[in-house]
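Chemist: Sharing a structure with you now.
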Amino acid sequence: MKNLIYIPIILLIIFACEKESTIVKVQYKVRKAYSETEITYRDVEKNLKTEMVDFQSGEDVWQYSFEGEKGDIVYISTRYVDSTSSVKVQVLLDGKIYKEGSSNNEPGIYVTISGTIPY
């Protein structure tokens, strides 16, 4: 009978010690662009990288994915110079849109998204 009393207590301790995962899949997406676009982003090693991507049509998509941790900073910024272009930028966390921004026919304007992965 005494052993039956300890089972719920042991189960309670096991479940209380179980931690929620702190790993989050981060994905940056740039799309709906029609010309060469500068993309600066924070990578998995927490460094800023810059790429020039020549989008041929609004259907082209640039993306970068990595695993981050809750509390990490996410950052992406884009800029184009063609006055007939546009851009849509998204940051997704575990497949859900965290933040997004866009620009249409505004050359030289930076579209920047930054934030901290929520706990």
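No value in this document is a laboratory result; all are computed from the given coordinates. Note that the structure is a prediction, hence the values are computed from the model and not measured. With ideal geometry, Cβ positions are generated from the backbone for all residues, glycine too; neighbour counts draw on all protein chains shown.
Chemist: Exposure proxy check: Phe66, Phe55 ranked by fewest other beta carbons within 10 Å?
Modeler: Phe66, Phe55
Chemist: How about region 47-119: which trypsin sites (Lys or Arg not before Pro) there lie in a loop by DSSP and see at most 14 other Cβ atoms within 10 Å?
Modeler: For trypsin sites (Lys or Arg not before Pro) across region 47-119 that sit outside H, G, I, E and B with at most 14 neighbouring Cβ atoms in 10 Å, the list reads Lys70.
Chemist: Which three semi-axes in whole Å describe the equivalent ellipsoid of region 21-116, each the square root of 5 times a Cα gyration tensor eigenvalue, listed largest first?
Modeler: Listed largest to smallest, the semi-axes of region 21-116 are 24, 12, 11 Å.
Chemist: Have a look at region 62-119 and give its Rg and Dmax from the Cα atoms, expressed in angstrom.
Modeler: Final numbers for Rg and Dmax: 12.8, 40 Å.
Chemist: What GluC sites (Glu not before Pro) in region 28-119 are in a loop by DSSP, with at most 11 other Cβ atoms within 10 Å of the Cβ?
Modeler: Loop-located and lightly packed - Glu45, Glu59.
Chemist: If you don't mind, another one. Which aspartates and glutamates have a Cα less than 12 Å from the Cα of Lys88, not counting those fewer than 8 places away in the same chain?
Modeler: Glu59, Asp60, Glu100
Chemist: Can you give the FRET efficiency to the nearest 0.05 for Tyr34 and Phe66, using r as the Cβ-Cβ distance and R₀ = 25 Å?
Modeler: In this case the efficiency is close to 0.40.
Chemist: Can you sort Ile23, Ile113 by how many other beta carbons sit within 10 Å, fewest first?
Modeler: Fewest to most other Cβ atoms nearby, the residues stand as Ile23, Ile113.
Chemist: Return Ser86, Ser65 ranked ascending by Cβ neighbour count within 10 Å, so the fewest neighbours appear first.
Modeler: Ordered by Cβ neighbours within 10 Å, fewest first: Ser65, Ser86.
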